[in-house]
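The values are calculated or read from the model by the stated rules, or taken from the named source; none is laboratory data. Predicted model, so just to flag it, every value in this text is computed and none were measured. Here Cβ is always computed from backbone atoms with ideal geometry, including for glycine, and neighbour counts include all displayed protein chains. Quick note on the areas: whole protein, heavy atoms, side chains included, nothing else; ligands and nucleic acids left out. Shrake-Rupley method; radii C 1.70, N 1.55, O 1.52, S 1.80 Å.
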Amino acid sequence: MIVPAIVFFACALLAVTGAILLILSREPIHSALSLILVMIALAILYLLLGAEFISAIQIIVYAGAVMVLFVFVIMLLNAGVEERTDFSKLAKFVGLPLGFFLLLVVARWLYTSRAGSVIGHGAEAVTQGFSTRALSAELFQQYLFNFEATSILILIAILGALVLARKNP
Amino acid sequence: MGFISEHSVLVASLIKIAVLLFIVMTALAYLTWFERKVVAHIQSRWGPYYVGAHGLLQPLADGLKFLFKEDFTPPASDKLVYILAPFLALTLSLTAIALIPFGSPELHFLHGQQIFLVSNSNIGLIYLFAITSMGVYGVALAGWSSNSKYPLLGGLRSSAQMISYEVSLTISVVGVLLLAGTLNFNGIIEGQRGYWLGFWPRWHFLPQIVGFLCYLTAAIAETNRIPFDLPEAETELVAGFHTEYSSFKFAMFFMAEYANMITVSCLATILFFGGWLSPFPDSWHWQLYLPGACLLALGVYCAIDAATRMHGLAKLQLGVVTVLSLGIGAICLTPWVAPYVQGPFWFTLKVLVFLFFYVWVRGTLPRFRYDQLMSFGWKFLLPVSLANLVITALVLVFPAFSRHA
C-alpha cells in the first residue's frame, strides 16, 4: 500500500503547486497551464479512488476541451502580462483571515472524518474493474431527470451565447 | 527470481514499453521513408535513392542531421513554454500508442503477463481520447510561445481545427461502441470475431460504413495532414506553428505528427477492421505460416534485386536486408513462433493499408481553404456522424438486431 500513498502525495503536491502558480504567475498562458496541471493531478487522484471513467472524463472535458478554449481565447486576444494592483484593504483585513478560517475548517473536517481512509482502497477497485456500465445505468435511470435538466441548462447557455454574439440584433 | 515474480507486472510493463518504444521509433523513421517513396512514385519521381539501397538509410541520415543542426531559441520567445511544447506533443502521441493491443491477450510471457498489450484498461478507448485530446496543446503552445506572427496564426488555426474535428471523430466512433457494448479494446476486437454468410468477417466497417468514413476524414484533420494541414500551410504561413523551431525540437513535432498518424491508423484497425483478427477462418491452418512466407518472399525479392540491379555498397546493404528477412521469416515459420506472430502480422498489415491511404491522400488532394475546412467540419461531418449515431442506436433497439438477442 506504499505505492498509492506515494502517488497520492505526489499528485496532491502537484495540484497544490499548480493552484499556487495559477494565482502567482502574471502571464495568462502560464496561469492556464498551471490550471491544466491541477486538472491532471486531480484526474490521477480520481484514478487512485478507483473512478477510472471519471478520471478520463475529467481529462477529456477539462484539460482537453475547456482549457483548450481558454488557451485559444488567450492566444486570440493576445493578452499581455497582467498588471498587479495594490493589496486592497478589504482583502488584507477581511479576505485573508476568512481564507485562513475556511482552510482551518476544511482541515479540521478532514482530520476528524474518515475521508482519508478511502484512498488506500482505490487500487483494489481499479484492479477489480470499475464498471462504466453501472455508472451509466445510474445516470440514465435513477438520475435521468437531473441529467436531462443539466443538458437543457447547457443548451440554454449556448443559445444565450449565440444571442449575445449576434451582430444585428 | 523472487523479485521478478513479485513485481512481474512492473517488470513486464517496463520491458514491453522499452520494446514498443524502440519499434515505434523505428516505424516513425521508416514511415517518413515510406511516405517520401510513395509520394515520389505518385508524382513519377524516384524519391530517396542514394543514401543506402533504395534510400533505406535516409531516415538515419535525416535523424543525424536534425541532431547536429544548431538548436536556436528565439530571444523574444517564452523559453519555458517554447521548450515544453515539442516535449508535450511527442510524449502525448507516444503515450497514446501504449494503449493499443497488437495481438491476442491470451498469449503470455514472464509469469502470465500478456505479451502484446502494455495496458488492458476497461475504458481503453476513453483513455486514448483523453490523451489525444491533450495533443492540441503541443501545437497551440508552440504557436504562442514563438512570439512571432505566423506561428501564432498557425497555432490558432490548429486549435480551432482540432477542437472542431475532435467532436466528429469522437461521435463517429460511438456507433462502434454501441455495436461492441464495451470500451475495452480487446472486447471490441473479440466482438468482431466470426463471419457473415460464412465468409465475410464480422468487422464493424460494413454496418458502420458511414461512421468509418467520418472517422477517416476527421482523423486526417486531427493529425493535421494534407488536405487539412492548414496549421502549417507553407504557402500562407511559412511553416505554421513550427516556423521558429529548429534542430531536434522541430524533429520532435515531426515525429509527433507521424506517431499520431500511426495511432489513428491503429484505432481505425481496431474499431472497424477487427484489430489483430485474421480475415480468414480459423480452420484454414496454412495461414499460420503466412507471416513467415511473406517475409521469405520479401527476402527473395531483395536478393534478386540486389543481384541484378544494385552495385557496390548498395548491394551489400540490400544483402543485409535479404539475410534479415530470410532469417526472421524462417524463425516465424517454426511452430513455436508462428502462433505469436499471427496477431501482430495482421495488425501491422491493416495499419499499413491505412498509412498507405494517408500518403495516397496526401499525394492526391490539394489543401482546403480555411472557411471550407470549418464549414465542412461543422455543417457536414458533424451532422452526418450524429445521424449515424442516432440511426445505429435506433436499429439496435429493435430486438432482432440487439446484441443481447
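Using the Karplus relation 6.51 cos²θ - 1.76 cosθ + 1.60 with θ = phi - 60°, the per-residue 3J(HN,Hα) values for segment B:312-329 come to x, 4, 4, 4, 5, 4, 5, x, 4, 4, 4, 4, 4, 6, 5, x, 5, x Hz, with x marking Gly and Pro.
Other residues whose C-beta falls under 15 angstrom from the C-beta of B:ASP371 contribute a net charge of +3, scoring Lys and Arg +1 and Asp and Glu -1. The share of C-alpha pairs in segment B:125-260 whose separation exceeds 19 Å stands at 56 percent.
Amide hydrogen proximity for B:LEU57: with H placed 1.01 Å from N in the peptide plane, the residues at 5 or more positions away or on another chain lying under 5 Å are B:GLY52.
In whole percents, the pair-distance distribution calculated for segment A:13-112 from its alpha-carbon pairs, binned every 10 Å from zero, is 14, 30, 34, 19, 2.
Note on the protein assembly as shown: percent of Cα-Cα distances in each 20 Å bin, starting at 0 and stopping at the bin with the largest distance, equals 16, 51, 29, 4, 0.
Would you compute, from DSSP H runs of 4+ residues alone, the mean residue ellipticity of chain B at 222 nm, taking -39500 (n - 2.57) per run and dividing by the full residue count, rounded to the nearest 500? Helix-only estimate at 222 nm: -21500 deg cm²/dmol. Using a 1.4 Å probe over protein heavy atoms, the accessible area lost on pairing A with B, summed over both chains, comes to approximately 2200 Å².
The contact residues of segment B:122-147, meaning those that lose at least 30 Å² of 1.4 Å-probe accessible area when all protein chains sit together rather than their chain alone, are B:ASN122, B:ILE123, B:ILE126, B:TYR127, B:ALA130, B:SER133, B:MET134, B:TYR137, B:LEU141, B:TRP144. Within segment B:37-152, the proportion of Cα pairs with more than 19 Å between them is 69 percent. For segment B:197-274, the spherically averaged projection of the C-alpha convex hull amounts to 6.2 nm². With the simple spin-label model, which puts each label point 7 Å out from Cα in the Cβ direction, the B:HIS311 to A:LEU13 separation comes to 6.4 nm.
Taken residue by residue and averaged, Cβ atoms of other chains lying within 10 Å of the Cβ of A:51-61 number 5. Here the gap between B:SER13 and B:LEU365, fully extended at 0.36 nm per residue and compared with their Cα-Cα distance, gives a gain of 122.6 nm.
The alpha carbon gyration tensor of segment B:57-111 gives principal lengths a ≥ b ≥ c with a/c of 1.5 or higher and a/b no greater than b/c, which makes the shape oblate. Peptide B:179-188 shows a mean partner chain C-beta count of 1 within 10 Å per residue C-beta. Please work out the Cα center distance from segment B:155-202 to segment B:28-76, rounded to the nearest Å. Rounded to whole Å, the Cα centres lie 32 Å apart. Solvent-accessible area per residue in chain B equals 47 Å², computed with a 1.4 angstrom probe and all protein chains kept. The share of accessible area on the protein assembly as shown that comes from carbon and sulfur is 75 percent, using a 1.4 angstrom probe. Over chain B, the fraction of Cα-Cα pairs per 20 Å bin, rounded to whole percents and listed from the shortest bin up, is 24, 56, 20, 0. Each principal axis of segment B:179-328 carries a Cα extent, and these read 55, 47, 23 Å when sorted largest first. So what's the back-of-envelope 222 nm ellipticity for chain A, counting only DSSP H runs of four-plus at -39500 (n - 2.57) apiece and dividing by all residues, rounded to 500? After summing the helix terms and dividing by residue count, I get -22500 deg cm²/dmol. Across segment B:177-188, coupling constants 3J(HN,Hα) worked out from phi with the 6.51/-1.76/1.60 Karplus curve, θ = phi - 60°, read 4, 5, 5, 7, x, 8, 9, 7, 4, 5, x, 4 Hz, and Gly and Pro carry x.
Of the residues in segment A:66-84, those shielded by at least 50 Å² of accessible area once partner protein chains are present, compared with the chain alone at a 1.4 Å probe, are A:VAL68, A:PHE72, A:MET75. Here the Debye sum runs over all C-alpha atoms of chain A as equal scatterers in vacuum, and log10 of I(q)/I(0) at q = 0.11, 0.18, 0.19 Å⁻¹ comes out as -0.74, -1.32, -1.33. Note on B:TRP378 and B:VAL300: their simple-model spin labels are 5.8 nm apart, each label 7 Å out from Cα toward Cβ. Per-residue 3J(HN,Hα) values for segment B:36-51, derived from phi via the Karplus relation 6.51 cos²θ - 1.76 cosθ + 1.60 with θ = phi - 60°, read 5, 5, 5, 4, 4, 5, 4, 9, 6, 10, 9, x, x, 9, 9, 8 Hz in sequence order (x marks Gly and Pro).
At an R0 of 51 angstrom, the distance between the Cβ atoms of B:VAL337 and B:LYS69 translates into a FRET efficiency of 0.75.
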